[in-house]
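> One structure coming up, written as structure tokens, with questions to follow.
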Amino acid sequence: VRRSSCSSVPGSSSAVWSTMADKAQLQEAIKTQGEVVRKLKSEKASKEQIDEEVAKLLQLKAQLGGDEGKHVFVLKTAKGTRDYNPKQMAIREKVFNIIISCFKRHGAETIDTPVFELKETLTGKYGEDSKLIYDLKDQGGELLSLRYDLTVPFARYLAMNKITNIKRYHIAKVYRRDNPAMTRGRYREFYQCDFDIAGQYDAMIPDAECLKIVYEILNELDLGDFHIKVNDRRILDGMFAVCGVPGEKFRTICSTVDKLDKMAWEDVKKEMVNEKGLSEDVADRIGEYVSMQGGQDLAERLLQDPKLSQNKQACAGLTDMKLLFSYLELFQVTDKVVFDLSLARGLDYYTGVIYEAILSQTIPAPAEQNGADEAGVSVGSVAGGGRYDGLVGMFDPKGRKVPCVGVSIGIERIFSIMEQKAETSSEKVRTTETQVLVASAQKNLLEERLKLTSELWNAGIKVEVLYKKNPKLLSQLQHCEETGIPLVAILGEQELKDGVVKLRNVASREEVRLIVSQIVYNLSCILTKHFD
Amino acid sequence: MADKAQLQEAIKTQGEVVRKLKSEKASKEQIDEEVAKLLQLKAQLGGDEGKHVFVLKTAKGTRDYNPKQMAIREKVFNIIISCFKRHGAETIDTPVFELKETLTGKYGEDSKLIYDLKDQGGELLSLRYDLTVPFARYLAMNKITNIKRYHIAKVYRRDNPAMTRGRYREFYQCDFDIAGQYDAMIPDAECLKIVYEILNELDLGDFHIKVNDRRILDGMFAVCGVPGEKFRTICSTVDKLDKMAWEDVKKEMVNEKAPAEQNGADEAGVSVGSVAGGGRYDGLVGMFDPKGRKVPCVGVSIGIERIFSIMEQKAETSSEKVRTTETQVLVASAQKNLLEERLKLTSELWNAGIKVEVLYKKNPKLLSQLQHCEETGIPLVAILGEQELKDGVVKLRNVASREEVRLIVSQIVYNLSCILTKHFD
């Protein structure tokens, strides 16, 4: 079949499919042998002869197995997964290029990790979400699971290689067995796009750079207006403390406050009081704080707040928030950043600043109001992150801490938005980058076409040629129009005699005559001037 | 995990309670009560007193790619993908796992080399072991009759990797295929042209491409008197000629005794020493199509893992260091208290699209900033100094040559861009 002319070696790339080619061959052989038997019987040949041929037939059939080897295929992808067709890949490439350019502009390196990890590496890291992990079947070796995010592999990588400082991005697919609400475009296999700075540094500078990066990416992607909310875990915890929330309820109250981006305060308060057992007073006090938004000024004001100023954690968080804003000012991003006391974010491992970027354009309200989307960001957001100083230490055998701050870009959401934009736009998305089609106007010019095509390829020009000896000019032009090839080089008998090639602009139909012997040079000039 | 840290704290505290009671010779009941609480806490933590002994390793047969390897990988992919694009190919992507029956056929043999996912109550799934089967499924599923596509992605095989040979259970495949009914041999020729171009551009030294034809082989076997049912097995014996001498191959053909397995098939299904392989396969898609509609295909698989190995070796022996970042300028300060100016200039340069780094230190030493440039290959450093700022200039130093120029701050973006374009592109 595929890779070698007879790949029957177990484990070779198409062992199973060479089996299938064999099965097709066997089916042929069975058919033929069946006819041999029928013929002998009709000729009333000797029993011995018939038996011999029948035996061969049965042997062939036995090789085929069950159902005479008929392959009935259910043609679909696994639940919660999808193929990317060429249009989607073209959009995806555009998005990745913008994002990766930004990461590179900031001096980030990249790494890659395996799609599955030892099960024990992932165990105990995701709390309740652990039931959503895809396990591999126990086939006698190590117990394995598909990665659930890129953060745990990152922490493992740092601990394993004893790395104390790195600025890295990682774009790869992760796997979660939840119930995808397909209308919301949620999948079980989806891309995550993480950027993290690990290492001990002077306060808030790397944190500020993460926000600058989110700002740059969202600007360049041209998704409309956005804003980035920031808060700090220490400010939240300090606030809960001074409001009278019992220590053991911090986390659960935190996740209730997190719902403020989707629920009205009245409902959030109800949940705090009725479900989480807070007194109304405490809830009201929380309500006063979480309604606050502002900039550096808010941080300063809160540092003067009689209650908060007594809480060490809150003060540390507020001081750092002031410092953060001073850096954001220097980075010229404060126009879109808001210090918002209602931002809580789901993940437990944040220890300091947290942030979330939200697009202003209205996104269709989903039926389900589960906040956490594939990037662990709530509906409407396109990026989220924060500082998590304790994670790597949990992987290191000696518990050595490596402080980290990072952000996860909600790339699947961005894909959806860009795909929608492409559908409503008049501009067609090209799936190839071909610059020129080499065509012929008459018959018997295949040789000349292939020669010219090869010459242009050798010069690095992106060229296609139809796989037909004598294609009609119309179908060649149609191919250009359908796939967006801007230029067509038309070979004609007369032109070849004159030593020229006609170069036509497919859209405008303007034509120029190029001298064959200088075609590479001339074509390159035209491409650089008009089509780059 | 925060809970586990809290639990560990609670265990520590409770342990002290127990110790105290014992040293105070408290009543057995009291001690037992507190010990019970301690054991309960420990149980919550799990095994080993919940001591997180992390086996810090990747799964057998898999590996991380560090930044240097990623830089090499990116270079290789760029060359290969440029070539595919130059030939007008599109690309697709498919999920990492498929329905198990897609990979094995409803009544197909259970290949022990396929990674299955655990039956967790839903569909039975398996990790893809090549890109050809997903391709055939994609074509049949979308009723596509014509496409020229490349697909670069990782595939999974549970074989026993001979690690010294750089074989892995998770590895990249890089496939290019032309599907469709066309005039004979033109697409086949283009595939070979593509392999030729890629191997040239990768600069791996001299190479040659062997071609043959399944029909010629079968015809040859027939006229030599090989029984029809032995074609395949004789074929695989002949295949060993690239590794075995004719005498041994003949012995195997005659004696029906296979010598110690010299399985040539490498991760790309190509034998050791090869970097690409492929051919025409007209019957595959028809096996997926419910109506058996045939879509003729021809394609090639580039042995990209082998190419990675070769390039990684070349990089190690080369004097030229592989950069893992593309940073063009480091913004540095010569004295203390210039963080604000550094961050401002850095931001201005980022806004202009220039690739810039700045150290996350309020008052870094000039030497460490220069060292960072040397270690990571950053070619230029913009040095802010008190006096220079008063004069409205910034010193731009070429890290390698130590030459310096003074750039006017207000025109720095323009000047720096010119310098970068002229000398560093």
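Just so you know, all these numbers are worked out from the coordinates, no wet-lab data involved. Here the structure is a predicted model, which means the values were calculated and not measured. Quick reminder, even Gly has a Cβ in these numbers, built from the backbone with ideal geometry, and neighbours come from all protein chains shown.
> Based solely on its DSSP helices, what 222 nm [θ] is calculated for the protein assembly as shown when runs of n ≥ 4 H residues each add -39,500 (n - 2.57) and the sum is averaged over all residues, nearest 500 deg cm²/dmol? If you can, show how the numbers build up before the last one.
Numbers: 33 runs with 401 residues, N = 957.
Value at 222 nm, helices only: -13000 deg cm²/dmol.
> Please report how far the C-alpha centroid of region A:281-309 lies from that of region B:178-257, rounded to the nearest whole angstrom.
Measuring centre to centre over Cα atoms gives 76 Å.
> Going highest first, how would you order B:218-230, B:278-290, A:256-268 by mean Cβ packing within 10 Å?
Values: B:218-230: 12.1, B:278-290: 19.7, A:256-268: 16.9.
Going from most to least packed, we get B:278-290, A:256-268, B:218-230.
> Give me a single rounded figure for A:95-102: the average over its residues of other chain Cβ atoms within 10 Å of their Cβ. Write out the running numbers ahead of the final one.
On the way: counts 0, 0, 0, 0, 0, 1, 3, 2.
For peptide A:95-102, the averaged partner shielding equals 1.
> For chain A, take the longest principal axis of its alpha carbons; what is the angle in degrees between that and the long axis of helix A:280-290, to the nearest 10 within 0 to 90?
Taking Cα atoms only, the helix is inclined about 60 degrees.
> Let me ask something else about it. Which whole number gives the average count of other chain Cβ atoms within 10 Å of the Cβ atoms across peptide A:80-88? Walk me through the numbers before you get to the answer.
Values: counts 3, 7, 3, 9, 5, 9, 8, 1, 2.
Mean shielding by partner chains, rounded to a whole number: 5.
> Another question about this same structure. Which of the pairs A:LYS428/A:LYS462; A:LYS119/B:LYS37; A:LYS94/B:LYS68; A:LYS119/B:LYS112; A:LYS398/B:LYS22; A:LYS497/B:LYS210 have their Cα atoms more than 27 Å apart in this structure? Intermediate results must be reported in sequence, preceding the final value.
Working: A:LYS428/A:LYS462 19 Å; A:LYS119/B:LYS37 30 Å; A:LYS94/B:LYS68 24 Å; A:LYS119/B:LYS112 21 Å; A:LYS398/B:LYS22 31 Å; A:LYS497/B:LYS210 37 Å.
Over 27 Å Cα-Cα: A:LYS119/B:LYS37; A:LYS398/B:LYS22; A:LYS497/B:LYS210.
> Residues with amide H under 5 Å of B:LEU125's amide H, sequence separation 5 or more or different chain, H placed in the peptide plane at 1.01 Å from N; which?
Amide H neighbours of B:LEU125: B:LYS100, B:LEU117.
> Same structure again: Divide, for region A:436-530, the radius of gyration over alpha carbons by 2.2 N^0.38 Å, where N is the residue count. List each step's numbers first, then the result.
On the way: Rg = 12.0 Å, N = 95, 2.2 N^0.38 = 12.4 Å.
My calculation over the Cα atoms of region A:436-530 gives 0.96.
> Here is a follow-up. By the scheme Lys and Arg +1, Asp and Glu -1, what is the net charge of all other residues having a beta-carbon under 15 Å from that of A:ARG509? Intermediate values should be presented prior to the final figure.
On the way: positive: A:LYS502, A:ARG504, A:ARG513; negative: A:GLU481, A:GLU510, A:GLU511.
Neighbourhood net charge equals 0.
> Next question, about the same structure. Quick check: net charge around B:VAL405, other residues with Cβ under 15 Å of its Cβ, Lys/Arg +1 and Asp/Glu -1? Working shown, then result.
Numbers: positive: B:LYS395, B:ARG397, B:ARG402, B:ARG406, B:LYS422; negative: B:GLU388, B:ASP391, B:GLU403, B:GLU404.
Within the 15 Å Cβ shell, the charges total +1.
> Same structure again: log₁₀ I(q)/I(0) of region A:225-360 at q = 0.12, 0.15, 0.20 Å⁻¹, via Debye over equal Cα point scatterers, no solvent, to two decimals?
Normalising to I(0) and taking log10 leaves -0.43, -0.68, -1.20.
> Cβ neighbours within 10 Å, averaged per peptide: list B:141-147, A:142-148, A:232-238, A:280-286 in order, most packed at the top.
Values: B:141-147: 15.1, A:142-148: 21.4, A:232-238: 25.6, A:280-286: 17.6.
Most protected by this proxy first, the peptides run A:232-238, A:142-148, A:280-286, B:141-147.
> Hey, in the GNM for chain B with a 10 angstrom Cα cutoff, which one of B:GLU24, B:GLU201, B:GLU316 fluctuates hardest?
Evaluated over chain B, the most mobile residue of the options is B:GLU24.
> Something else about it: Please state the charge dipole magnitude for the protein assembly as shown, taken about the Cα centre, from unit charges on C-beta atoms (+1 on K and R, -1 on D and E), reported in debye and rounded to the nearest 20. Write down the numbers at each step before the final one.
Values: 139 positive and 141 negative charges, 286 e Å.
Rounded to the nearest 20 debye, it is 1380 debye.
> On a C-alpha basis, how far is the centre of region B:392-422 from the centre of region A:218-255 in Å? Whole number, if you could?
Comparing the Cα centres of region B:392-422 and region A:218-255, I get a distance of 42 Å.
> Quick one: angle between helix B:412-423 and the longest Cα principal axis of chain B, in degrees between 0 and 90, rounded to 10, please.
40
> Measure out, as a whole number of angstrom, how far apart the alpha-carbon centroids of region B:75-91 and region A:108-157 sit.
32
> Same structure, new question: From other protein chains only, count the Cβ atoms within 10 Å of every residue's Cβ in B:111-118, then give the mean.
Taking all residues of B:111-118 together, the mean is 6.
> When a/c is below 1.5 the answer is rounded, else prolate if a/b is larger than b/c, else oblate, so apply that to region B:295-370 with a ≥ b ≥ c taken from the square roots of the Cα gyration tensor eigenvalues. Could you put the intermediate results ahead of the total?
Values: a/c = 5.40, a/b = 2.24, b/c = 2.42.
Since a/c reaches 1.5 but b/c is at least a/b, the shape of region B:295-370 is classed as oblate.
> Quick one: divide the alpha-carbon radius of gyration of the protein assembly as shown by 2.2 N^0.38 Å and tell me what you get. All intermediate terms of the calculation are to be shown ahead of the outcome.
Values: Rg = 32.7 Å, N = 957, 2.2 N^0.38 = 29.9 Å.
This ratio for the protein assembly as shown stands at 1.10.
> Follow-up. Considering all alpha-carbon pairs of region B:329-423, what whole percent are spaced by more than 16 angstrom? It would help to have the intermediate numbers written out before the result.
Numbers: 2172 of 4465 pairs.
For region B:329-423, the share of Cα pairs beyond 16 Å comes to 49 percent.
> Would you mind classifying chain A by shape? Square roots of the alpha carbon gyration tensor eigenvalues, ordered a ≥ b ≥ c; an a/c under 1.5 is rounded, otherwise it is prolate if a/b is larger than b/c and oblate if not. Provide the component values of the computation, followed by the final result.
Values: a/c = 2.76, a/b = 1.53, b/c = 1.80.
Cα axes put chain A in the oblate bin.
> Measure nothing but the geometry: give the 0 to 90° angle between the long axis through the Cα atoms of B:2-23 and the longest principal axis through the Cα atoms of chain B, rounded to 10°.
Rounded to the nearest ten degrees, it is 60.
> Checking the table A:LYS167/B:LYS148; A:LYS401/B:LYS42; A:LYS529/B:LYS422 against a 27 Å threshold on Cα-Cα, which pairs fail? Don't skip to the end; give the middle numbers.
Working: A:LYS167/B:LYS148 38 Å; A:LYS401/B:LYS42 24 Å; A:LYS529/B:LYS422 20 Å.
Among A:LYS167/B:LYS148; A:LYS401/B:LYS42; A:LYS529/B:LYS422, the Cα-Cα distance tops 27 Å for A:LYS167/B:LYS148.
> State log₁₀ I(q)/I(0) for chain B at q = 0.07, 0.08 Å⁻¹ as given by the Debye formula over alpha-carbon point scatterers of equal weight, solvent excluded.
Treating every Cα as an identical point scatterer, log10 I(q)/I(0) equals -0.62, -0.75.
> May I pose another question? Taking H placed 1.01 Å from N in the peptide plane, check which residues at least 5 places from B:THR62 or on another chain put their amide H under 5 Å from its amide H.
The list, which skips near neighbours in sequence, is B:ARG169.
> Can you compute the modelled spin-label distance between A:LYS119 and A:THR483, with each label point 7 Å from Cα toward Cβ, in nm?
For the pair A:LYS119/A:THR483, the computed spacing is 4.8 nm.
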